[in-house]
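Some notes on the structure that comes next.
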Amino acid sequence: MKRRTKKIGERGKPPLPVLLGTRNIGFSRMRGQLAPYAFLSPTLILVTLFFFIPLVMVFILSFTKLDMTNFGILEWWKPVNWSLDNYVKIFTNRFLSRILGNTIMYVAVTLALFNVGMALVIALITTHIKRRTGFAFRTLWFLPRITPVVVYTMMWRALAGPAPMGVINKYFLVPLGIGGGEYLLHTHPWVFVFLVNGFIGASFGMILFASAIESIPKDYTIASRVDGASTWQTIRYVELPMIKWPLLFVTTYQTLSLLTSFEQIMLLTDGGPGLYQTEVWSLTAYHRALTSYFGNTQWGYGAAWAVVLVIIGIVMAVIYLRVFKFRELVEEPKIDQL
Amino acid sequence: MKIALEALNKHFGKVKAVDNLDLEIGDGEFVALLGPSGCGKTTTLLMLAGIYKPTSGHICFDDRVVNHLLPKERNIGMVFQSYALYPHMTTFDNIAYPLKLKRVRRREIKERVQKSADMMGIGDLLDRKPAQLSGGQQQRVALARALVKEPAILLFDEPLSNLDAKLRLRMRGEIKRLQEDLGVTAVYVTHDQVEAMTMASRIALMNYGVLQTYGTPNQLYDHPDTFFVAGFIGAPPMNFLEMTFEERENGFYLKTQALEIRISAERGALAKQNDIPQRVIMGIRPESVSIVAERDGDFKAEVHLIEPLGREDLVTFRFIDEEIRVLVPAPFDGRIGETICLKLDKEKAHLFNPETEVSVLRTGNGRSS
Ligand SMILES: Nc1ncnc2c1ncn2[C@@H]1O[C@H](COP(=O)(O)OP(=O)(O)OP(=O)(O)O)[C@@H](O)[C@H]1O
Ligand SMILES: [Mg+2]
């Protein structure tokens, strides 16, 4: 990296011919050495300020009892004020198993049914029909992702509303004689948590899978069909194995992003309607740190929840890389004869 | 299996990729589809394979119309220029794939894969992935995969274009021998005329989706019936001169500013019968022109360029504002700028109507003499 940039500095065309003069070699060399850092600096500053420092702060805070009542009094940066109490509190919390269970269910179901499952199905369907139709459909499906999340979630709340206002009740369930027209978010909160997250989540995988499928050279699918495969067999034996890499990527990436996403649930049910009924881990962290029934937002305790979540995420990522044999995917083929 | 294409059309929007194609291929025959890039060769092949649906017309296998049959119902093997070996499967799995789809029993699959792999000389590469094989080996795997289900028809789409010249020559022979041994009908797409000439029993020459001619390599070479065929077949290509046709009391003559040749009464009469216009295009192959002593010559020309080809030299001569290329036995002892006498083998001259681009020397059955 450094060497390459240096070369550019020395050999690259200066904007003015006068810079080619011998007197400028020294300047140009210095410029060559500093240039990479100059170019990197905006990103470096941003990453340090908004990613690295907060990360360290959250980590430190998780060992303290900092909250709104002792803010400005507690010297949280001093190791004497650090303890594992927050972590003990988390693991002795009597709602821990419910929150953990909710989180696992939320991530697993949304991921399997929507973010990967439905994404793959849509990608396959839209790449096996007329190109333009497929493209138009995918574009439509992408809209929720670029809609502001509040608007999008409120739309779902309106859809789920009780009869006669709620669209689903009024036009589908009541005419079909299903249910009593009650507020669906109260009767089936999880269904809506999955749907609201899944419909947005699926668009990411859909775009990636569709472009991966479209970039498979036509010869492979033609060969497969001449070899006697049906469309489904071609998908199963040729196309899916060839998009293994995007599949791994989307699964891993979406697991992590689902683990940390809570804004839709917060806007939709805020963890309710029952006690901790739809509360997931990241939402708990948010609740503990930034809102509180007692008015004392517990920054330290919330940070501890967040740190545990980060550790869960890292463990998940490592497991995925193992299961998908990531090493094999990036390994160079061994050639002993040409 | 016999193949017959009847008034076959394939249009992509406004593009007529294949335009009203009629073609008959005998059982066990090796036919080459030859033509420049974009002339519709691959499209024709993919219609045979059942990938593309014809816009109109019929495809018949053994007198049975197969237009509606899916690829898997056609019993076809196909080899691609890109080999199209599935990169995630080993050689074994690649070759076994057609059998697996047919639900052949495990043990039989193993035997048949081994057999066709051995036939192609890749029996010891079965556990490699395609990325671990050389181009030539990949080509053999692709052939083995096409052969393993014992197809009635083999389709080739420029299978040798990615190989180096030496290997190409060898594979050419191997494919031909294999096809003859198995007695399988083969359609071989290529834009390499040497490949077509050496391998095929008949060549279908296409241009802009239209079949130009269909015949044996010798027919196409010796009696091209259109200007396009004459120019496409043969390397180095045929020379063309624009000439004037004249009938005099003592015979038929072709004239330009620089030369005048007399053609036989027989050929002259045939040309007249075919409504030869006054201005014609005369075509003559580089090997049908010879260097002669001054009194025997038809015309004089100046040596412009000498290109040694090994056994022969290709010499470009200039006269007035025309050019003619001649194959002379090597070594050619003339020098550039020297004036030399040339003679045309009049019986080997071809005459084309510049308007219709059709040969005026064709006999009643449509073939030019
Ligand atoms: N799927 C398609 N959609 C639209 N046009 C196509 C399609 N396939 C082929 N064509 C057009 O049809 C014509 C014939 O194409 P084809 O692939 O049959 O040519 P070819 O003879 O195989 O050429 P090459 O030697 O370059 O492979 C070309 O003009 C091509 O652009
Ligand atoms: Mg082609």
Positions within segment B:152-175 being within 14 Å of another protein chain (Cβ to nearest Cβ) and within 16 Å of ligand 1 (Cβ to nearest atom), in sequence order: B:LEU155, B:PHE156, B:ASP157, B:GLU158, B:PRO159, B:SER161, B:ASN162
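Select from segment B:32-53 the residues that are in a loop (DSSP other than H, G, I, E, B) and either within 14 Å of chain A (Cβ to nearest Cβ) or crowded, with 20+ Cβ neighbours inside 10 Å (or both) and list them in ascending order.
B:GLY35, B:CYS39, B:GLY40, B:GLY50, B:ILE51, B:TYR52, B:LYS53
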Single condition B:HIS58 does not satisfy, out of (1) away from ligand 2 (no atom under 16 Å from the Cβ); (2) over 21 Å from B:ILE203 (Cβ atoms); (3) assigned to a loop (DSSP other than H, G, I, E, B); (4) not aliphatic (A, V, I, L, M): (3)
Residue in segment B:354-365 that is closer than 13 Å to B:PRO286 by Cα, touching a residue at least 40 places away in the same chain (Cβ under 8 Å), of a type outside the set (D, E, K, R) and assigned to a strand (DSSP E or B) present: no
Selection within segment B:61-83 - in a loop (DSSP other than H, G, I, E, B) and more than 7 Å from chain A (Cβ to nearest Cβ): B:ASP62, B:ASP63, B:VAL66, B:ASN67, B:HIS68, B:LEU69, B:LEU70, B:ARG74, B:ASN75, B:GLN81, B:TYR83
Which numbered condition B:VAL65 misses (of (1) of a type in the set (A, V, I, L, M); (2) surrounded by fewer than 19 Cβ atoms within 10 Å (Cβ to Cβ); (3) within 16 Å of ligand 2 (Cβ to nearest atom)): (3)
Check on A:ALA108, closer than 18 Å to A:SER282 by Cα and open to solvent by 30 Å² or more (accessible area, probe 1.4 Å): yes
Members of segment B:112-164 that are in contact with a Lys or Arg (Cβ under 9 Å, 6 or more places away or on another chain) and hydroxyl-bearing (Ser, Thr, Tyr): B:SER116, B:SER161
Selection count, segment A:223-273, where residues are touching a residue at least 60 places away in the same chain (Cβ under 8 Å) and more than 14 Å from every other protein chain (Cβ to nearest Cβ): 17
Matching helices (runs of 4 or more DSSP H) fully within segment A:139-247 where at least 3 residues are in the same structural domain as A:VAL121 (by TED's automatic domain parsing) and in contact with a Phe, Trp or Tyr (Cβ under 8 Å, 6 or more places away or on another chain): A:189-214, A:218-226
B:TYR86 being aromatic (Phe, Trp, Tyr), part of a loop (DSSP other than H, G, I, E, B) and within 16 Å of ligand 2 (Cβ to nearest atom): no
Count of residues meeting criterion [hydroxyl-bearing (Ser, Thr, Tyr), open to solvent by 40 Å² or more (accessible area, probe 1.4 Å) and away from ligand 2 (no atom under 16 Å from the Cβ)] in segment B:202-220: 2
Selection within segment B:105-125 - within 14 Å of chain A (Cβ to nearest Cβ) and either open to solvent by less than 30 Å² (accessible area, probe 1.4 Å) or touching a strand residue (DSSP E or B) at 6+ places or on another chain (Cβ under 8 Å) (or both): B:ILE109, B:VAL113, B:SER116, B:ILE122, B:LEU125
Of residues in segment B:31-47 being of a type in the set (A, V, I, L, M) and out of contact with any Leu (no Cβ under 6 Å at 6 or more places or on another chain), the one farthest from ligand 1 (Cβ to nearest atom): B:VAL31
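Can you pull out the residues in segment B:141-161 that are open to solvent by 30 Å² or more (accessible area, probe 1.4 Å) and away from ligand 2 (no atom under 16 Å from the Cβ)?
Of all residues in segment B:141-161, those open to solvent by 30 Å² or more (accessible area, probe 1.4 Å) come to B:150, B:161.
The one that is open to solvent by 30 Å² or more (accessible area, probe 1.4 Å) and away from ligand 2 (no atom under 16 Å from the Cβ): B:GLU150.
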Selection from segment B:300-313 of residues that are surrounded by fewer than 19 Cβ atoms within 10 Å (Cβ to Cβ) and touching a residue at least 40 places away in the same chain (Cβ under 8 Å): B:LYS300
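The values are calculated or read from the model by the stated rules, or taken from the named source; none is laboratory data. The model shown is predicted, which means the values in this text are computed figures rather than measured ones. All Cβ positions, glycine included, derive from the backbone under ideal geometry; neighbour counts span all protein chains shown. Accessible surface areas use protein heavy atoms only, side chains included; no ligands, DNA or RNA. Shrake-Rupley method; radii C 1.70, N 1.55, O 1.52, S 1.80 Å.
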